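Here the structure comes first, spelled out in structure tokens, and everything after it is commentary.
Nothing in this text is a laboratory measurement; each read-out follows from the coordinates by a stated rule. Please read all numbers here as calculations on a predicted model, not as lab measurements. Neighbour counts are summed over all protein chains in view; Cβ atoms, including those assigned to glycine, are modelled from backbone coordinates with ideal geometry.
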Amino acid sequence: MSILEVKDLSFTYGESMLYDKASMRLFEGEHAVLVGPNGSGKSTLLKLLDYRLAPDTGKIEWLPTIRVGYLDQYAQIDGNSDVKTYLYEVFYDLFEKESRMEWLYEEAALAESHKQNKLLVQAANLQEQLLDSDFYTIKSLVSKIIQGLGLEMSVLNQKIKTLSGGMRAKIILSKLLLEEADVLLLDEPTNFLDISHIEWLSKFLTDYHKSFIVVSHQEDFLESIANTVLALENGQITRYKGNYNHYLKERELRYEQQKKAYSSQTKFIKRTEEFIQKNIVRASTTKRAQSRRKMLAKLERVQRPRQERTYQFFFPMGRSTGKDVIKMEKLEVGYSESLIEPLDFTIMKGEKVVITGENGIGKSTLVKTILDIIPEIAGNYEWIDTAQIAYFEQDSTLEHNLTPFEIIHNAYPHFVRKEIMDLLGNHGVDYDMARRKIGSLSGGEKTKVRLALLRHQKANVLILDEPTNHLDVAAKEALKEALIDFPGTIILVSHESLFYEAICDYEIALYSQ
């Protein structure tokens, strides 16, 4: 049964038309993933489906009884509330019933016999309702979900304002999963999750007996959860029934078929137009020429197949370094106290290493420490004096009121207009995106602008903290190739094993004290 119908949906963002009379359906129990290149409108579509945005034209209709849960990792929530109170709001009605039941039992114990039976029946009815709702397993369920997402039970007693950004996002996701909505709309739910916790979420969603639509750029995650793929293609929403790998094969097949059909029709149109040109003025053939002209006017044209956007990521090499690029001796990092066990190792010239560890363990803190952004807790580190470092910060923000063109121009004021546009184009930022405010771009588009800023920073050491967050598959592959080709030293923080295993020579795993 269809629980959602989208018909003739059109929506324009700035000067870009994201959907042009697009239609789609979602069926009861369907596990769908929404895919498409950065900027194609995946996050926008989820907001439209949750009525957070209104379409220019068209309709979005849910079945009247459907409860929709939307993941907003940046939602405004009361920072003074503790986590337990925030999560248990989901079960407010059940706790109210429990309080009412307890009161009825207390009243029955004190009541006269002719009233007692009535009170006990009411209390028993409420207790049966609580049992039917699995009320007495709530604590176990909360524990299962928050631990599955990588949090300790002690987090329940913390104030929300004391949580890190990643912990806060996990708590918001936990509450959404506890609500058991009829449909989950999840936009990048694996952000801030480690590999083991992504695996837990994959199993949770696979076993979810209701429907969901998930946006993610992690292909192994998409493959594990999807039985339907909704692809944003050329302003339309194309439905592929099957898993993610089936979608990739089917998409390639359809592309080749459309390519042949377009080529064949283009040749036919050219031959027909040549015939019309030659014969329209000759009395003996003018009727045939006019007939073919009418036929061409009515001909439904095959669209030129669009290939995925190509990228030309590149990191220029600075001067050469000596053998030992950075040495760490009993290095401890953190804020008020050390987060990790002391580190003793040396990264050598040309080595490419990945720093791994659970969320909150101190990966970004280690990077900021060796970059002199925050002080070390104990021990020391020393860079070789010839090190030239280019740094991609995970949480770096760009000025929201500037355009990508203005940001590159400010960074490289000697560049002429064509050089700026070429640089942005190589990183997948087209003419329209280059003129839009950064605040209006998707997460992947912002990441591409930040990578473009590194293009002319000649370095012999690249430090990149989660550079693949929000990047589409094609951009991620191009970045991987650029890092493989970089002849210098790389220190990479990443939670995507399929990405870093192709690049790095070895792994530095961080462990807590």
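Summary of values
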item: Net charge over other residues, Cβ less than 15 angstrom from the Cβ of Asn460 (K, R count +1; D, E count -1); result: +1
item: Derived scalar couplings ³J(HN,Hα) [the stretch 355-361; Karplus, 6.51 cos²θ - 1.76 cosθ + 1.60; whole Hz; x for Gly, Pro]; result: 9, 10, x, 5, 4, x, 6
item: Mean-position separation - Cα centroids, the stretch 342-384 and the stretch 278-329, in angstrom; result: 45 Å
item: Shape category assigned to the stretch 33-80 from the gyration tensor of Cα positions, a/c cut at 1.5; result: oblate
item: Three-way shape label, the stretch 7-117, alpha-carbon gyration tensor, a/c 1.5; result: prolate
item: Scaled radius of gyration (Cα, divided by 2.2 N^0.38 Å) that the stretch 1-70 gives; result: 1.09
item: Distance between the stretch 217-271 and the stretch 404-464 - C-alpha centres, whole angstrom; result: 29 Å
item: Residues whose placed amide H lies under 5 Å from that of Thr356, excluding near-sequence neighbours; result: Ile508, Ala509, Leu510
item: Cross-link pairs beyond the 18 Å C-alpha cut-off, checked among Lys42/Lys363; Lys47/Lys476; Lys21/Lys42; Lys7/Lys249; result: Lys42/Lys363; Lys47/Lys476; Lys7/Lys249
item: Antiparallel content of DSSP bridges confined to the chain, in %, to 5; result: 50 percent
item: The stretch 30-121: relative contact order in percent, alpha carbon pairs under 8 Å with at least 6 residues between; result: 12 percent
item: Rounded, prolate or oblate (a/c below 1.5 giving rounded, otherwise prolate when a/b exceeds b/c) for the chain by Cα gyration tensor; result: oblate
item: Low-density loop cleavage sites - trypsin sites (Lys or Arg not before Pro) in the stretch 61-105, where at most 15 other Cβ are within 10 Å (DSSP); result: Arg67
item: Calculated from backbone phi, Karplus (6.51, -1.76, 1.60) coupling profile of the stretch 405-418 in Hz, x at Gly/Pro; result: 4, 5, 5, 5, 4, 5, 6, 10, x, 7, 6, 7, 3, 5
item: Average Cα contact separation per residue, the chain, under 8 Å, 6 or more apart, as relative contact order %; result: 16 percent
item: Loop-located GluC sites (Glu not before Pro) in the stretch 382-459, at most 12 other Cβ atoms within 10 Å (DSSP); result: Glu399
item: Of all DSSP beta bridges in the stretch 121-259, antiparallel share, percent nearest 5; result: 55 percent
item: Rounded Å value of the spacing that divides the Cα centres of the stretch 18-68 and the stretch 191-212; result: 21 Å
item: Normalised contact order of the stretch 247-313, rounded percent, pairs of Cα under 8 Å and 6 or more residues apart; result: 40 percent
item: Restricting the stretch 260-313 to GluC sites (Glu not before Pro) in coil, as DSSP defines it, with at most 11 other Cβ within 10 Å; result: Glu300
